[in-house]
1. Only four residue types carry charge here, +1 at the Cβ of Lys and Arg and -1 at the Cβ of Asp and Glu. Report the dipole size of region B:2-85 about the Cα centre in Debye, rounded to the nearest 20.
2. How crowded by other chains is B:120-129, given as the mean number of beta carbons from other chains within 10 Å of each beta carbon?
3. Quick one: angle between helix B:71-85 and the longest Cα principal axis of chain B, in degrees between 0 and 90, rounded to 10, please.
4. With point charges of +1 on the Cβ of Lys and Arg and -1 on the Cβ of Asp and Glu, referenced to the Cα centre of region B:94-193, which listed residue (B:S138, B:Q159, B:I169) lies farthest in the positive direction of the dipole?
5. Placing +1 at every Lys and Arg Cβ and -1 at every Asp and Glu Cβ, with all other atoms neutral, what dipole size does chain A have around its Cα centre, in debye to the nearest 20?
6. Can you return the aspartates and glutamates within cross-link range of A:K69? Criterion is Cα-Cα under 19 Å, with same-chain partners fewer than 8 residues away left out.
7. State to the nearest 20 debye the size of the charge dipole of the protein assembly as shown about its Cα centre, where the only charges are +1 on K and R beta carbons and -1 on D and E beta carbons.
8. How would you order A:61-70, B:70-79 from highest to lowest mean count of nearby Cβ atoms within 10 Å?
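Computed from the coordinates by the stated procedures, all read-outs in this text should not be read as laboratory data. Note that the coordinates shown come from a computational prediction; the quantities given were computed from them, not determined experimentally. For neighbour counting, all protein chains shown are included, and Cβ atoms are generated from backbone atoms with ideal geometry for every residue, glycine included.
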Amino acid sequence: MAGYEIDPCEKCEEVMQPYLDRVLSEAEVHEAEEHLAGCPYCAKRYRFEESLRVFVRKCCDEQMPPELKQKLASLRTPL
Amino acid sequence: MGETETDGARRVAAEARNRVRFEEEALELSDQVYRVARRLVSTREEAEDLVQETYARAFRSWRSFTPGTNLRAWLLRILTNLNIDRGRRKQRAPDEQPLEEGDYFLYNRLEQASRDGNVDEERVVERLSQDDIVGALSAVPHDFRDVVVLVDLGDFSYQDAAQILDIPIGTVMSRLHRGRRILKRELAERATTGGT
């Protein structure tokens, strides 16, 4: 993977998912944040990704039908 | 003789208590289990059947659950196995999937599609409808979607997802990576053909 000195925005795009998943090392986070602080192009795309994640989650949230809950309870071993 | 009978009765009573506790804890998680199931399959009916089968099996084999470990992951493991056993349609091998776009692709497309090129990055998602999102997610091939659903909607760690799906953690990471990109490509298609 190319470092920030090669193509900083490309590198920043590469680390966006692991950054948002909080799986980067401290040093990598620091590098990414240094770039983000001075790059509105990448910063916008990171903010977009965060709101996209929240929105996808909201849209995919479907409540369990109450009848199903009752059916599941009826599967329990009788005492 | 009275002694052993009492011991036996105690053991039976203790086991019954453990089973009741297990069942109650499992039922408390049913909303979360359903939410994940609903996005792993296409229809509500399939999701309901799958969750019922999962609980029937979980209640039968409750003794194989190790108390103190992650019950939600244990239930989801049963559920994903059942889902695969149901003979879901064959997928093309991951390698044959078309190459997905980069991570900035969707935003770039939304920006291009806006008239003045000036979009509020925190509001632009609102141009997508719930149907767009649900439709795009169901268009992601199963192998990728399973991981995206478990991690992004089910809040499972990479490690939990690896155990649930019985695949190496590296595979979880690469499928997640590609799955999210495929999802964004699908969203981009919907967002830019929707006419908004």
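1. Numbers: 14 positive and 15 negative charges, 57 e Å.
My answer is approximately 280 debye.
2. Numbers: counts 4, 10, 7, 2, 6, 11, 2, 0, 4, 1.
Mean shielding count: 5.
3. 70 degrees
4. B:S138
5. Using only the charged Cβ atoms, the result is roughly 880 debye.
6. The qualifying aspartates and glutamates are A:D61, B:E23, B:E24, B:E25, B:E28, B:D31, B:E45, B:E46, B:E48, B:D49, B:E53.
7. Values: 42 positive and 52 negative charges, 241 e Å.
Using only the charged Cβ atoms, the result is roughly 1160 debye.
8. Values: A:61-70: 12.9, B:70-79: 20.7.
With the highest mean Cβ count within 10 Å placed first, the list reads B:70-79, A:61-70.
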